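Trainee: I'd like to ask you about the structure that follows.
The values are calculated or read from the model by the stated rules, or taken from the named source; none is laboratory data. Nothing here was measured: the structure is a model prediction, and the numbers come from that model. Cβ atoms come from the backbone with ideal geometry, glycine included; neighbour counts cover every protein chain shown.
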Amino acid sequence: MKLATWNVNSLKVRLPQLIDWAAATQPDVVCLQETKLEDGKFPQAEIEAAGFHAAFSGQKTYNGVALLARTAPRDVVTSIPGFTDEQKRVVAATLGDARVVCLYAPNGQAVGSDKYAYKLRWYDALRAWLADELARHPRLAVLGDLNIAPEDRDVHDPKAWEGQVHCSAPERAAFSALLALGLQDAFRLFEQPEKSFSWWDYRMMAFRRNAGLRIDHILLSSALAAQCGACSIDKAPRKLERPSDHTPVVAELRP
DNA sequence: ATGGCTACGATCCGTAGA
């Protein structure tokens, strides 16, 4: 079983790339972020034609998440329980015997800003919810654009980014707190190339200079981590015309 | 050098992303 996460930065613009990529990669589950589409405008027919069921929660212009799966999603949830939020950042569902949570974490803008405070509040609520989810579902996968580079090796220029949003100590503590629940960073279960990133700024030829961050993640409970045979970043879509600034991360689970 | 792209919805520029 192949699980993937991809911040597509507009599903409308990236739909053809998503369809091509899914045909080539054959994932069983795809978590999408920044769909930027109201639910009424979700491309249901195209996604179905590509062989996926879909659960989604979107809004105009900003945010929006979707969970694509070969099997019908059950028990769909589209918010962190008890955390009131206008912003559509969460969709979770049960797929077969696994619980899958798709997340688009707040960006945080700048350390000390209102958006940064919201990001940390959001992470607090997320941790409490995932603790609950883990207790209920030992086979739990959490995928998404978490907007945190957990370690310096996840940053192209750790000095320049030191203490900045995505890298600040409170954000890294929030990421660690998820791992402390019993989740594992699937990417780090394996030897990886140095300077592996999942996002590159559109400006300054950042992709060509590999000036990126690893902020898109797949976290697995122990039961799923034990089955994980590979996890990699697929840079191919970032090389296409009109790419998303993020690229997919894929994990493979053995039966 | 604090910009530099891109997407969006509103115009012909502002907001947001990270």
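Trainee: If you check A:120, A:146, which single one turns out to be buried (at least 21 other Cβ atoms within 10 Å of the Cβ) and not β-branched (Val, Ile, Thr)?
Mentor: Numbers: A:120 fails: buried (at least 21 other Cβ atoms within 10 Å of the Cβ).
One residue alone meets the criteria, A:146.
Trainee: Looking at the range A:117-134, which of its residues are among the aliphatic types (A, V, I, L, M) and either more than 20 Å from residue A:186 (Cα to Cα) or in contact with a strand residue (DSSP E or B) (Cβ under 8 Å, 6 or more places away or on another chain) (or both)? If you could, list the steps in order and put the result at the bottom.
Mentor: Pass one, the range A:117-134, residues among the aliphatic types (A, V, I, L, M): A:117, A:120, A:125-126, A:128, A:130-131, A:134.
Residues satisfying the conditions are A:117, A:120, A:125, A:126, A:128, A:130, A:134.
Trainee: For the range A:17-60, which positions are in contact with a Cys (Cβ under 7 Å, 6 or more places away or on another chain) and surrounded by fewer than 22 Cβ atoms within 10 Å (Cβ to Cβ)? Walk me through how you get there before you give the answer.
Mentor: Initial filter on the range A:17-60 (in contact with a Cys (Cβ under 7 Å, 6 or more places away or on another chain)): A:31.
Scanning the range A:17-60 gives no hits.
Trainee: Quick one: how many residues across the range A:194-227 are away from DNA strand B (no atom under 16 Å from the Cβ), over 19 Å from residue A:255 (Cβ atoms) and either free of Cβ contacts under 8 Å to residues at least 24 places away in the same chain or outside any loop (DSSP other than H, G, I, E, B) (or both)? Break it down stepwise before answering.
Mentor: The initial filter retains those residues of the range A:194-227 that are away from DNA strand B (no atom under 16 Å from the Cβ), namely A:194, A:218-227.
Next cut, over 19 Å from residue A:255 (Cβ atoms) only: A:194, A:219.
Now restrict to residues that are either free of Cβ contacts under 8 Å to residues at least 24 places away in the same chain or outside any loop (DSSP other than H, G, I, E, B) (or both): A:219.
Final tally of qualifying residues: 1.
Trainee: Which residues, counting only those in the range A:157-193, are surrounded by fewer than 18 Cβ atoms within 10 Å (Cβ to Cβ), of a type in the set (Asp, Glu) and closer than 22 Å to residue A:248 by Cβ?
Mentor: Once the filter is applied, which keeps residues that are surrounded by fewer than 18 Cβ atoms within 10 Å (Cβ to Cβ), of a type in the set (Asp, Glu) and closer than 22 Å to residue A:248 by Cβ, the range A:157-193 yields only A:191.
Trainee: Tell me whether the range A:140-157 contains one or more residues that are farther than 29 Å from residue A:204 by Cβ, among the small types (Gly, Ala, Ser) and touching a residue at least 12 places away in the same chain (Cβ under 8 Å). Steps first, please.
Mentor: Going residue by residue through the range A:140-157, those that are farther than 29 Å from residue A:204 by Cβ are A:140-142.
Narrowing the set further to residues that are among the small types (Gly, Ala, Ser) leaves A:141.
Subsequent filtering for residues that are touching a residue at least 12 places away in the same chain (Cβ under 8 Å) retains A:141.
Scanning the range A:140-157 turns up at least one residue that is farther than 29 Å from residue A:204 by Cβ, among the small types (Gly, Ala, Ser) and touching a residue at least 12 places away in the same chain (Cβ under 8 Å).
Trainee: Could you list, in sequence order, the residues of the range A:196-237 that are basic (Lys, Arg) and surrounded by 13 or more Cβ atoms within 10 Å (Cβ to Cβ)?
Mentor: Taking the range A:196-237 first, the residues basic (Lys, Arg) are A:203, A:208-209, A:214, A:235.
Once the filter is applied, which keeps residues that are basic (Lys, Arg) and surrounded by 13 or more Cβ atoms within 10 Å (Cβ to Cβ), the range A:196-237 yields A:214, A:235.
Trainee: Then there's this: Buried (at least 23 other Cβ atoms within 10 Å of the Cβ) and at positive phi: does that describe residue A:112?
Mentor: On the way: buried (at least 23 other Cβ atoms within 10 Å of the Cβ): no; at positive phi: yes.
No; evaluated as a whole, the condition is false for this residue.
Trainee: Might you let me know whether the range A:239-246 holds any residue that is more than 26 Å from residue A:106 (Cβ to Cβ), touching a Lys or Arg at 6+ places or on another chain (Cβ under 8 Å) and exposed (fewer than 15 other Cβ atoms within 10 Å of the Cβ)? Outline the logic, then answer.
Mentor: To start, the set of residues in the range A:239-246 that are more than 26 Å from residue A:106 (Cβ to Cβ) comprises A:239-241.
Cutting the leftovers down to touching a Lys or Arg at 6+ places or on another chain (Cβ under 8 Å) gives us none.
No, the conditions are met nowhere in the range A:239-246.
Trainee: Related question: For residue A:66, indicate whether it is part of a strand (DSSP E or B) and on the phi < 0 side of the Ramachandran plot. So that I can check it myself, show each step before the final result.
Mentor: Values: part of a strand (DSSP E or B): yes; on the phi < 0 side of the Ramachandran plot: yes.
Yes: the conditions hold for residue A:66.
Trainee: Against the definition (closer than 23 Å to residue A:4 by Cβ, assigned to a helix (DSSP H, G or I) and either modelled with pLDDT of 95 or more or among the β-branched types (Val, Ile, Thr) (or both)), how does residue A:191 come out, yes or no?
Mentor: On the way: closer than 23 Å to residue A:4 by Cβ: yes; assigned to a helix (DSSP H, G or I): no; either modelled with pLDDT of 95 or more or among the β-branched types (Val, Ile, Thr) (or both): yes.
The answer is no for residue A:191.
Trainee: Can you tell me which residue is farthest from residue A:231 (Cα to Cα) among those in the range A:23-42 that are over 16 Å from the mean Cα position of the chain (by Cα) and aliphatic (A, V, I, L, M)?
Mentor: Within the range A:23-42, the match that is farthest from residue A:231 (Cα to Cα) is A:37.
Trainee: To continue, here is another question. Evaluate the range A:244-252: report whether one residue or more is within 16 Å of DNA strand B (Cβ to nearest atom) and either touching a helix residue (DSSP H, G or I) at 6+ places or on another chain (Cβ under 6 Å) or free of Cβ contacts under 8 Å to residues at least 24 places away in the same chain (or both). Spell out how you get there, then give the answer.
Mentor: Here is the first cut: in the range A:244-252, the residues within 16 Å of DNA strand B (Cβ to nearest atom) are A:244-249.
So of that shortlist, the ones also either touching a helix residue (DSSP H, G or I) at 6+ places or on another chain (Cβ under 6 Å) or free of Cβ contacts under 8 Å to residues at least 24 places away in the same chain (or both) come out as A:244, A:247.
Among the residues of the range A:244-252, at least one is within 16 Å of DNA strand B (Cβ to nearest atom) and either touching a helix residue (DSSP H, G or I) at 6+ places or on another chain (Cβ under 6 Å) or free of Cβ contacts under 8 Å to residues at least 24 places away in the same chain (or both), which makes the answer yes.
Trainee: Let me ask something else. What single numbered condition from (1) surrounded by 16 or more Cβ atoms within 10 Å (Cβ to Cβ); (2) closer than 21 Å to residue A:252 by Cβ fails to hold for residue A:63?
Mentor: (2)
Trainee: Yes or no: residue A:230 part of a helix (DSSP H, G or I) and more than 12 Å from DNA strand B (Cβ to nearest atom)? Break it down stepwise before answering.
Mentor: Details: part of a helix (DSSP H, G or I): no; more than 12 Å from DNA strand B (Cβ to nearest atom): yes.
Considered against the rule, which asks whether it is part of a helix (DSSP H, G or I) and more than 12 Å from DNA strand B (Cβ to nearest atom), residue A:230 comes out as no.
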